[in-house]
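Below: the structure, in structure tokens.
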Amino acid sequence: RGGHTIFHGPIGKQSANLIAYFQAFPGVARCPQDLNPATWMLEVSSHAAEIRLGVDFSALYANSNLAKSNDALVTQLEIPAEGSVPLTFGNEYAQDTMTQFIALLTRNFKTYWRNPSYNTIRYLFTVILGLILGAIFWDLGTKRGSTVEIFNLEGALFICITFLSTYNCNGILPVLAVERPVFYRERSSKMYSAFPYALAQALVEIPYVAVQAILYSVITYFLIQFEFTAIKFLWYLLFTFLTLAFFTFFGLTVASVSPAPELSIAVLAMFYSLWFVFGGFFISYDSMPKWWSWFYWLDPLSYTLYGLIGSQLSDITDEFVDDGNGNLQSVAALVQNSLGFKHSFVGPAAGILAGFIVAFWFVYLLATTKLNFNKR
């Protein structure tokens with residue numbers, strides 16, 4: 001039962017008009033002084049009260065002078081006043097894009113700060129994982145006397161960065177699942193557009209990922225004992241940050257194009273498998289079938305591995321290792337000949353990783369703008 005009007009008009013001071021209207025009907029109990037008039041109105045106009053009184057309050061209102069005066073007022077207001085112009089708005093939204101972005105970014109920072117279940121656990125996992133992997137690969141960075149040790153070092157770099165990156169990618173899925181209904185409701189109310197929302201959602205992750213990269217890099221770099229030089233540590237930190245940021249933004253993208261977190265997890269698992277296989281660790285680029293080698297250059301993990309190994313090993317020309325055939329060659333030559341990593345490409349590899357981050361943010365923006373998985 002519903003959809004029928006039983007009273008419409010000014011309720012008056014302390015609901016005096018509302019009380020007087022209902023008390024005018026025979027049999028309606030008077031409103032006690034200590035009872036909320038709204039509660040009293042619901043009680044006296046209930047379906048049980050109508051049956052007891054033998055009345056229909058919606059029919060009584062329809063035939064009342066109050067309803068007739070309201071109808072007359074509506075008829076009067078339907079006719080525009082002389083000289084009036086239609087109401088128009090200069091913009092679709094009440095505030096400009098920059099104001100929307102600042103408000104959303106401020107709200108996101110507060111939301112993240114008040115969400116310890118996401119960020120505190122993320123940092124705790126980062127520290128614990130860094131200590132575990134650092135202990136497993138303790139002092140491996142100083143052992144570069146053979147081809148096997150060089151490949152072991154490559155494996156340590158690959159495992160250290162992929163374990164934490166995939167955690168970031170999976171961890172952001174429930175955050176987006178909670179935010180999505182709020183976004184749909186507020187966007188339909190024209191509170192803001194998709195662009196400032198997507199930009200704020202991406203930028204709020206940057207400082208948290210930066211702190212995470214610093215924690216992880218300091219722990220793993222010095223426990224594994226790579227060369228203690230500022231430039232090599234900064235390269236290691238940069239590629240750690242870029243890889244964590246890429247996987248986080250990739251999680252944003254997959255979550256935005258998937259109707260449910262369960263589907264997102266399945267899609268991520270498929271991409272993880274492809275990226276790990278063609279990243280250059282399990283199969284080197286030269287060993288890949290030619291019809292699959294193109295995928296190596298589309299794999300972001302290949303640039304991560306290129307940057308990490310290239311920055312740490314591809315400039316070492318004063319240490320020599322046995323290539324397995326009785327020949328001695330420098331570490332830099334082994335890395336270049338066996339793995340194809342050149343020190344000159346470390347900078348471009350970082351730029352390409354940054355390009356992946358921007359590209360996936362644009363996909364996330366497009367999906368946020370065009371897709372709507374809201375179910376009514």
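The values are calculated or read from the model by the stated rules, or taken from the named source; none is laboratory data. All of these numbers come straight from a predicted model, not from anything done at the bench. Heads up, the Cβs are rebuilt from the backbone with ideal geometry, glycines too, and the neighbour counts pull from every protein chain shown. Areas reflect the complete protein model, heavy atoms only, side chains present, ligands, DNA and RNA absent. Shrake-Rupley method; radii C 1.70, N 1.55, O 1.52, S 1.80 Å.
Scanning region 131-145 finds one or more residues that are closer than 21 Å to Tyr208 by Cβ, touching a residue at least 40 places away in the same chain (Cβ under 8 Å) and either out of contact with any helix residue (DSSP H, G or I) (no Cβ under 9 Å at 6 or more places or on another chain) or in a helix (DSSP H, G or I) (or both). Considering region 48-102 alone, what residues qualify as being more than 48 Å from the chain's Cα centre (by Cα) and modelled with pLDDT under 90? Matches in region 48-102: Gln76, Ile79, Ala81, Glu82, Gly83. Run down Gly340, Gly280 and say which single residue is touching a Phe, Trp or Tyr at 6+ places or on another chain (Cβ under 6 Å) and touching a residue at least 40 places away in the same chain (Cβ under 8 Å). Every option except Gly340 fails the conditions. Residue count for region 227-252, restricted to those that are open to solvent by 10 Å² or more (accessible area, probe 1.4 Å) and of a type in the set (Val, Ile, Thr): 2. Being aliphatic (A, V, I, L, M) and open to solvent by 100 Å² or more (accessible area, probe 1.4 Å) is not true of Ile19.
Selection over region 182-226 of residues that are more than 13 Å from the chain's Cα centre (by Cα) and open to solvent by 60 Å² or more (accessible area, probe 1.4 Å) gives a count of 11. State all residues of region 339-376 that are open to solvent by 70 Å² or more (accessible area, probe 1.4 Å) and at pLDDT below 90; if no residue qualifies, say none. Of everything in region 339-376, those that are open to solvent by 70 Å² or more (accessible area, probe 1.4 Å) and at pLDDT below 90 turn out to be Lys342, His343, Ser344, Lys370, Asn372, Asn374, Lys375, Arg376. Only residues that are open to solvent by 70 Å² or more (accessible area, probe 1.4 Å), in contact (Cβ under 8 Å) with a residue 12 or more places away in the chain and among the hydroxyl-bearing types (Ser, Thr, Tyr) were counted across region 98-125, and they come to 0.
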